[in-house]
Amino acid sequence: MLIPLLIGISIISYAIIRLAPGDPTKMLADPETLTTEQMEAMRIQLGLDQPLYVQYVKTMTSLMTGDLLSFKTREPVVEMIAARMPATAALAITVLIVGFIGGIAVGVLQALRPNGLADDIATLVTLIGFAVPTFWLALMLMLLFSVRLDWLPVSGIRPPNTSGWDPRTVAPYLVLPTIVLATNLIATVARYTRSSMLDALSQDYLRTARAKGLAERSVIVRHALRNSLLPVITLLGVQVPNLLGGTVAVETIFALPGIGRLALDSVVSRDYPVILSINVFVAILVLLGSLVADVAYGIADPRIRQGES
Amino acid sequence: MSIPNPLISRRRFTQGVAGSALAASFAGVTLPIADVVTAQDGSTQVIIGAWSEPDSLLSGAPHSGAAYQQIQRIIANGLVRLGYPSFDVEPDLAESWDVSEDSTVYTFHLRDGVTWQDGEPFTVEDVKFTLDVVTSPDWPGALDSYWSQVVGATEHKAGEATELTGARIIDDSTIEVTLLQPDTLFLASAVSRQRILPKHLIDGTTIADIQKSDFARVPTYTGAFQVTEWLPGESITLVANPNYWEGKPGIDTIISRFIPDAATSIAELSTGGLDIGTVQPDQLAQFSSDSTFTVQELPGLRIAYIQFDLTKELFTDPRIRKAISHAIDRQTVIDTLYLGYGEPGRSFIPTISWVYNPDAPTYPYDPDQAAALLEEAGWTLGDDGIRVNADGQRLAFELIAPTSSRTDGLAIQPFLQAIGIEVTLVEQGAGQTTGPLEVGQYDASISQWNNYIIDPRADLQRTFQNPRPTDSTGYANPDVDALFLEARAALDRDTEQGLWFELQDLVETDAPLVYLWRQQDLLVVGNRLTVPEVSSLSELYARIPEWQINS
């Protein structure tokens, strides 16, 4: 099922990319110095003179064999994405962990004392979390923590003139981007967890669990939380594309060398091979995200596991 | 002519979103400067910023990005280079050159004792190799009009010859290049722009492979600094070349960081994460009042102007264009929008150039004159304050403004309204930009052009000579075209200058463009770093080897 889905996604992506106005040859070379014939020669060199479906098939075939080259840098696209992968992966994984753990914790706390002061404050904060524009939050955090307090670096992924991925060196650089991206995720996860927990807490089986003498902690964690996590887990699959979309702005503002920034640069310069490859790559991640959500579903709810009912 | 200036357009794009908010928040903040200039081993290190990453560091490959423009002069050398401030050609790897009496044969005498950054000697073979490579059929992009002046270049590019026959090695330190006809632009526009490539490292490799190879990213040239590392999306590291023929540079390591967002650059600059950078006028006060920074105000090399689709009937009458020019109070706009850091635009080329004709016609602010010109052209004021002609056509048009020029557009609008011209501003974001506008696609647009590393004569040519590869304006004047050919074929500089002056007289009488202003470049330098007094940003980066860390 994954393969036909990916092919479908790649066809739609390619069609949309090509619907955008603009001619890569004009963005690549200096059109002021090229004659019409020379521009045409360049278009032929890039394969842009062929019918769209031929271009698509050729692009996809080269992508599969790893030979696809960027229009702009003439480097293999696979290598370009691989070089940008660590920064985005580090950021996305941190955000998912912080976002889900934080969101679930906040949601549970809210559900345990619904309409109490903590719930009201958390509701207000999560609403703000939804509403605040990413770039604004990013700049305000930068201003406070990097410029005024000088606690954290302004931008980048590691100190200049270093090239390793030592987590201790990279961590300070990830703090602000993580807060920016996780704020929205925490808010989303908390809203889902809260309502789902409230629902679970009013179910009969909880009364039964309490009646048979289980400790309150066990009632909440093993019975209520576990059951109310199902809709939250669904979020995992849905949040991956949101998260990767968010990296475009965050990686640009914090000058992180990730996929989001590569995507933006490629769109601006109409570097079709890179845009398509990133789309396919992100589609794979989203499908994997759904797969992980399905597996996690099974773990959370034994009834869903295959072979058991 | 309408190519969005790569050095500013996207920087402003993100700045438009975010910059003003942050800039406002910085006001009055005094900040510590992080100790980034001295690396742990005691060597000196300076960090500069560039908004975009180069596509490649292979000299001559098309479209090499803003970061490349900053470092290209210090990593590699050509036979000659453009000097500052007036863009005169000066020796580089060629210690001197002779030109034959008929101005068609250039004999370059190479500098002795130059080595590549890997220690190999630089030889005349490298020069011949480079000239052969850049005119070969596989070299990316087209043969530009300046190289095509060399004997055999067109044939070599077409695959009809195995080498560039017009480039001939005379002896170990002399090479001769023969042109089809005299071309005063040959040195400045062809030779100065191509760095010499190392034959011993890339001979025998196909050009497609060179582009993919490490050489295109971490090249070895003869320059003052060697590229040692390129982290994609992050930075390029340059290390001083101890054997550089002009002497070892003052700083051991230069790191060029790619920071796409202007607000982030300012934050880095304020905290010492960048040692040097440019700021917008409204951000300058924060730095000039802080003793940890020094500020230099440099004449801008960037001209903002209005261009028109001259094939549209409305704009065929030069009186309309002249009236528009007379209507705009440039100084007031500069004083309010750019806080005085700028000067009214007088010409497409910088006024410091020897080619600039100070006596060419200009159309400064004079609303009465503007109104008179429109009356004379048959446009009378209508009831709603907008002029109409005898056919009842309203004097109204759409003005396209890229996001980076939106405020310019807003500033111009009321001045034109005041003389009875209705302007509808159409903003165009960075993602919507699809290359230069072409005739038939628009009415008028605000554009910017950066006279950054190109000889001003080439700027004139690509803007006003007909035919042009991409025609944004439809401007054509056969007398101007004839003068271009004459000026390029001139045998001495006085004659050539006279011809360029005459050419500008003709162009400015036609007034195809309305020049707006040149915004100054405002340079902020952390005071641990000393940079020479320079005439432009372009010169600043060319003279990186002279930068010093204060002890």
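Here, each number is a calculation from the coordinates, and none is a lab measurement. It should be emphasised that the depicted structure is a prediction, and the values quoted were computed from it without experimental measurement. Neighbour counts run over all protein chains shown; Cβ positions are idealised from the backbone, glycine included.
Please list, in chain and number order, the residues 5+ apart from B:ILE175 or on another chain whose amide H is under 5 Å from its amide H, with Hs placed from the backbone.
Under 5 Å from the amide H of B:ILE175: B:PHE108, B:LEU110, B:ILE170.
As I understand it, the value is the acute angle between the Cα axis of helix A:52-65 and the longest principal axis of the Cα atoms of chain A; what does it come to in degrees, rounded to 10?
For A:52-65 against chain A, the angle is about 70 degrees.
Taking the Cβ of each residue in B:ASP203, B:ASP383, B:ASP126, B:ASP282 as the centre, tally the other Cβ atoms inside 10 Å and list the residues starting with the fewest. Present the calculation step by step, with values, prior to reporting the outcome.
On the way: B:ASP203 13, B:ASP383 6, B:ASP126 24, B:ASP282 16.
Going from least to most buried by this count: B:ASP383, B:ASP203, B:ASP282, B:ASP126.
In which sequence would A:MET60, A:MET140 go, from the one with the fewest C-beta neighbours within 10 Å to the one with the most?
A:MET140, A:MET60
Arrange B:GLU101, B:GLU268 by Cβ neighbour counts within 10 Å, fewest through most, would you? The partial results should precede the final answer.
Working: B:GLU101 7, B:GLU268 27.
Ordered from fewest to most neighbouring Cβ atoms within 10 Å, B:GLU101, B:GLU268 come out as B:GLU101, B:GLU268.
Cut-off under 14 Å on the C-alpha distance; same-chain residues fewer than 8 positions from B:LYS199 excluded. Which aspartates and glutamates are left, in chain and number order?
B:ASP118, B:GLU120, B:GLU125, B:ASP126, B:ASP132
Under a straight-distance cross-link criterion of Cα-Cα below 17 Å, which aspartates and glutamates are reachable from A:LYS72, leaving out those fewer than 8 residues away in the same chain?
Partners found: A:ASP23, A:ASP30, A:GLU40, A:ASP265, A:ASP271, B:GLU53, B:ASP55, B:ASP138, B:ASP209, B:ASP214.
Averaging sequence separations of C-alpha pairs under 8 Å and six or more residues apart, then dividing by the length of region A:85-269, give the relative contact order as a whole percent. Working shown, then result.
Numbers: 204 pairs, mean separation 62.2, N = 185.
Relative contact order here is 34 percent.
Taking the dipole about the Cα centre of the protein assembly as shown, with the C-beta of Lys and Arg at +1 and of Asp and Glu at -1, give me whichever of A:VAL132, B:SER43, A:GLN110 is farthest to the positive side.
Toward the positive end, the furthest listed residue is A:GLN110.
Mean-square fluctuation check for chain A, GNM, Cα pairs under 10 Å: which of A:VAL240, A:VAL250, A:VAL147 is largest?
A:VAL147
Rounded to the nearest 500, what is chain B's calculated 222 nm mean residue ellipticity when only DSSP H runs of at least 4 contribute -39500 (n - 2.57) each, over all residues? Don't skip to the answer; put the middle values down first.
Numbers: 17 runs with 153 residues, N = 551.
Theoretical 222 nm ellipticity from helices: -8000 deg cm²/dmol.
Please list, in chain and number order, the residues 5+ apart from B:LEU516 or on another chain whose amide H is under 5 Å from its amide H, with Hs placed from the backbone.
Distant-sequence amide H within range of B:LEU516: B:ALA304, B:TYR305, B:ILE306, B:GLY345.
Note down the magnitude of the dipole of the protein assembly as shown about its Cα centre, charges +1 on Lys and Arg C-beta and -1 on Asp and Glu C-beta and zero elsewhere, to the nearest 20 debye. Write out the running numbers ahead of the final one.
Working: 57 positive and 98 negative charges, 1047 e Å.
Rounded to the nearest 20 debye, it is 5020 debye.
Other chains near A:67-80: what is the mean number of their Cβ atoms within 10 Å of each residue's Cβ?
Working: counts 0, 0, 3, 1, 1, 5, 12, 12, 8, 1, 0, 0, 2, 2.
For peptide A:67-80, the averaged partner shielding equals 3.
Which angle between 0 and 90 degrees, to the nearest 10, do you get for helix B:318-327 versus the longest principal axis of chain B when only C-alpha atoms count?
On a 0 to 90 degree scale, this one is about 90.
Relative contact order for region B:339-448: what percent, with Cα pairs under 8 Å and sequence separation of 6 or more?
Working: 107 pairs, mean separation 25.3, N = 110.
Reported as a whole number, the value is 23 percent.
Between region B:201-240 and region A:63-116, what's the alpha-carbon centroid distance in Å?
For region B:201-240 versus region A:63-116, the Cα centre distance is 31 Å.
Taking the Cα centre of region A:85-269 as the origin, how large is its charge dipole in debye, to the nearest 20, when only Lys and Arg (+1) and Asp and Glu (-1) carry charge on their Cβ atoms? Each step should come with its number before you reach the end.
On the way: 13 positive and 9 negative charges, 114 e Å.
The calculation lands at about 540 debye.
Pairing the Cα long axis of helix B:493-510 with the longest principal axis of chain B, what angle in degrees results, from 0 to 90 and rounded to the nearest 10?
Tilt of helix B:493-510: around 30 degrees.
Which of B:LYS128/B:LYS248; A:LYS58/B:LYS128; B:LYS157/B:LYS248; B:LYS157/B:LYS312 have a Cα-Cα distance over 29 Å? Display every interim value, and only then the final one.
On the way: B:LYS128/B:LYS248 27 Å; A:LYS58/B:LYS128 38 Å; B:LYS157/B:LYS248 38 Å; B:LYS157/B:LYS312 38 Å.
In this structure, A:LYS58/B:LYS128; B:LYS157/B:LYS248; B:LYS157/B:LYS312 lie more than 29 Å apart at Cα.
Would you look at the GNM of chain A, springs on alpha carbons closer than 10 Å, and say which of A:LEU91, A:LEU68, A:LEU19 moves the most?
A:LEU19
Pairs of alpha-carbon atoms within less than 8 angstrom and 6+ residues apart define the contacts here; what relative contact order does chain B have, in percent? Don't skip to the answer; put the middle values down first.
Details: 1104 pairs, mean separation 119.4, N = 551.
Rounded, it is 22 percent for chain B.
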